[in-house]
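Asker: Quick one: the structure is below, and I'll ask about it shortly.
Derivation of every value follows stated rules applied to the coordinates shown; laboratory data play no part. In this text, all values refer to a predicted model and were calculated from it rather than measured experimentally. Heads up, the Cβs are rebuilt from the backbone with ideal geometry, glycines too, and the neighbour counts pull from every protein chain shown.
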Amino acid sequence: MSRSEILAYAHELGITEILHFTTNKGLVGIFASGGILSRDRLEEDKYIEHIYTPNCEDRLKDADWTDYVNLSISRINGRMLGVSGNWHNTEDVWWVILSLDVSVLDAPGVYFTTTNNTYSNCVIRGTGVDGLKALFAGAVEWGWYGSKISRYPSMPDEYTTDPQAEVLYPGKVPISALRKIYVKEGEHQDAVYGMLSPFPSVPRVPVLNAPEVFR
């Protein structure tokens, strides 16, 4: 199927943004490298290795997928953000959420997963518009014990059935896809604007104080 069907379906659902969370240190690395790098490429980058603070402590459960960037549709994976927060619970580390253009769904090599990609016993991975549609099924299995999560009547159309559903983007998401940056505290807005100043090639996007996006 043509990849243009992906964007048509995303538009039909009202999807307006794709999200990725990172630390303030990770944000500097993203600005410096000109995009969001996969874990494999982060470990190869000679500049970023000095400020590297991965969101996930290890990737043993999805070792075959470490050259992909993990993204979310319309809402962040709150469970994963909470776990990552516990790993980096220090005063000098705080979190930002990047809002990306929906067109990243349409990039060559993108995979869609119905739940967290590490749930190898139940995750369904797919490509194209059918792969995307599977993330919005009436019910989705997740976890390790046959648990299922179902859509409820008031669930926004643009929300995946399982909040842990992922978009796996190969290699590097280009910085040109960046549309907004969300912070959890107002004082971090100025800090992000300050981080932008040494990197003129990074788009000057709005930095919004939006703690609700982190829930």
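Asker: Let me have the relative contact order for the stretch 4-214, percent, based on Cα pairs under 8 Å that are six or more residues apart.
Answerer: 28
Asker: In which sequence would PHE136, PHE214 go, from the one with the fewest C-beta neighbours within 10 Å to the one with the most?
Answerer: Listed from fewest to most nearby Cβ atoms, that is PHE214, PHE136.
Asker: What whole number of Å gives the distance from the Cα centroid of the stretch 12-38 to the Cα centroid of the stretch 135-174?
Answerer: Cα centres, the stretch 135-174 to the stretch 12-38: 19 Å.
Asker: For a test of the definition: using alpha carbon positions, the gyration tensor, and the 1.5 limit on a/c, classify the stretch 150-198 as rounded, prolate or oblate.
Answerer: In terms of gyration-tensor shape, oblate.
Asker: Another question about this same structure. Say the dipole of the stretch 4-214 comes from +1 at the beta carbon of Lys and Arg and -1 at that of Asp and Glu; which of PHE214, VAL140, GLN164 then lies farthest toward its positive end?
Answerer: VAL140
Asker: Let me have the relative contact order for the stretch 164-209, percent, based on Cα pairs under 8 Å that are six or more residues apart.
Answerer: 50
Asker: Along the Cα→Cβ direction, 7 angstrom out, place labels at ARG215 and TRP144. What is the inter-label distance in nm?
Answerer: In this crude label model, ARG215 to TRP144 measures out at 3.0 nm.
Asker: List LEU7, LEU98 from most exposed to least, where exposure is judged by having the fewest other Cβ atoms within 10 Å.
Answerer: If I rank by nearby Cβ atoms, fewest first, I get LEU7, LEU98.
Asker: Now for a separate question. Students often check this: by mean Cβ neighbours within 10 Å, which of 28-34, 105-111, 184-190 ranks highest, and how do the rest follow?
Answerer: 28-34, 105-111, 184-190
Asker: Continuing with the same structure: What's the exposure ranking of ASP101, ASP130, going from fewest to most Cβ atoms within 10 Å?
Answerer: ASP130, ASP101
Asker: Follow-up question, since we're still on this one. So how much slack lies between TYR152 and THR66, counting 0.36 nm per residue of separation and subtracting their Cα-Cα distance, in nm?
Answerer: 27.7 nm
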